[in-house]
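All remarks here apply to the structure that follows.
The values are calculated or read from the model by the stated rules, or taken from the named source; none is laboratory data. Quick caveat: nothing in here was measured; it's all calculated off a predicted structure. In this analysis, Cβ positions are derived from the backbone assuming ideal geometry, glycine residues included, and neighbour counts consider all displayed protein chains. SASA here: full protein model, heavy atoms, side chains in, ligands and nucleic acids out. Shrake-Rupley method; radii C 1.70, N 1.55, O 1.52, S 1.80 Å.
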Amino acid sequence: MEPSITTDYDGSAGPIRIAVIGGTGLQSLPGFHPLTTLRPSTPWGPPSSPITILSHPSPTSGRAIPIAFLSRHGLHHELAPHEVPSRANIAALRALGARAIVAFSAVGSLREELKPRDFLVPDQIVDRTKGVRPFTFFEGGMVGHVGFAEPFDGVLGAVVRRCGESLVGDGVRLHEEGTLVCMEGPQFSTRAESNMYRAWGGTAINMSALPEAKLAKEAEIAYQMICMSTDYDCWRGTEESVTVEMVMGNMKANSENARRFVGAVLDELSKEEHADLVEAKHLEGMIKGAGAITAPAGRSKEALEKLNWLFPGYFQ
Ligand SMILES: CSC[C@H]1O[C@H](OP(=O)(O)O)[C@H](O)[C@@H]1O
Ligand SMILES: Nc1ncnc2[nH]cnc12
């Protein structure tokens, strides 16, 4: 099976290494110059949305760097969290060349100090999805086990955390660490659940970190989620529980900050000094060992075909 990316992108702006996944309220990246739009297909189906290739000028060399942008819930937020085709999303971005992904997410705050409109760069995840979402590339005759102790990429995370200065507004803060609880949804939590997540040490809650982060790990892609707090979920007895209007209202009101933050992160990642990071050189080949547990005699042709689409030449 050949990679079947329909590529109008002629590569003239150089290889695509950096991708942004937009979440709720961030279906596009206004203010960035679009070069082309791609409609890729993958062995796991089409991704959530067309992939826009944007041109971003490197602040150091002035060179235009191509950035891939994908909208997690579709162009019009038509995909529920459990319907997001995360395997296709990650596979399509990797096939395009992306090795560093910055993923945005609107989250509920589980901590007083994480105020609505504050940002959080989490370093841990607790999985509260229910096993209904496809969550691995390794199945059907090719078993693989990757380490997930660090669900986000530490090197990419360090770069993202340095960009907090780009945020403007009264008291808007960047919180540099925290545990993200990823629940199944689409219904929000009960108060008992919300209090339990707080007792577990959760900092914030969303419905999108998984399986996205797991699949990026399997795909040898440096991945960091950037969260914007939109509500206090339902644990605070004193005020109204989370609603969609609350989430969208805060996302909209703070969209300029989200855009500034992405811009600052892209500025930083476009610098020559991060060339190895955006190629994820530190992860290259990692999956070869992790996927070698199935002896050749037990490997199915179908599984090998799919995996070789994603990792050409890795597995025989
Ligand atoms: C509209 S509130 C719930 C919705 O918002 C978050 O989306 P995303 O992570 O894509 O920004 C959350 O995960 C839920 O999917
Ligand atoms: N309270 C909440 N729970 C789950 N996902 C969310 N996304 C934004 N707010 C949320």
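Structure above, values below:
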| item | result |
| --- | --- |
| Fraction of accessible area attributable to carbon and sulfur, region 139-205 (%, probe 1.4 Å) | 52 |
| Protein-only accessible surface order, largest first, of S229, S61 at 1.4 Å | S61, S229 |
| For the chain, built as a Gaussian network whose Cα springs stay under 10 Å, the top-fluctuating residue of V121, V107, V132 | V132 |
| Whichever lysines have a C-alpha closer than 21 Å to that of K301, once near sequence neighbours (fewer than 8 apart) are set aside | K288 |
| CD proxy at 222 nm, helix term only [per DSSP H run n ≥ 4: -39500 (n - 2.57); per residue of the chain; nearest 500] | -7000 deg cm²/dmol |
| Counting DSSP beta bridges with both ends in the chain, the antiparallel % (nearest 5) | 35 |
| Solvent exposure of the chain as accessible area per residue, Å², 1.4 Å probe | 42 |
| If the convex hull is drawn through the Cα atoms of the chain, its volume per residue in Å³ | 124 |
| Cα-centre dipole for region 98-219 with unit charges at Cβ (Lys and Arg positive, Asp and Glu negative), debye to 20 | 180 |
| Rounded if a/c under 1.5, otherwise prolate or oblate - region 167-222, Cα gyration tensor axes | oblate |
| Karplus-derived 3J(HN,Hα), 6.51/-1.76/1.60, for each residue of region 224-237, Hz, glycine and proline x | 9, 8, 10, 10, 10, 6, 10, 5, 9, 6, 9, 7, 8, x |
| Cross-link reach list, lysines versus K115, counting only Cα pairs under 24 Å and skipping chain neighbours closer than eight places | K252 |
| Net charge contributed by nearby residues that have their C-beta within less than 9 Å of S86 (K/R +1, D/E -1) | +3 |
| Anisotropy class of region 138-255 from Cα gyration tensor, a/c 1.5 cut | oblate |
| Whether region 1-135 is rounded, prolate or oblate, judged on the alpha carbon gyration tensor where a/c under 1.5 counts as rounded | oblate |
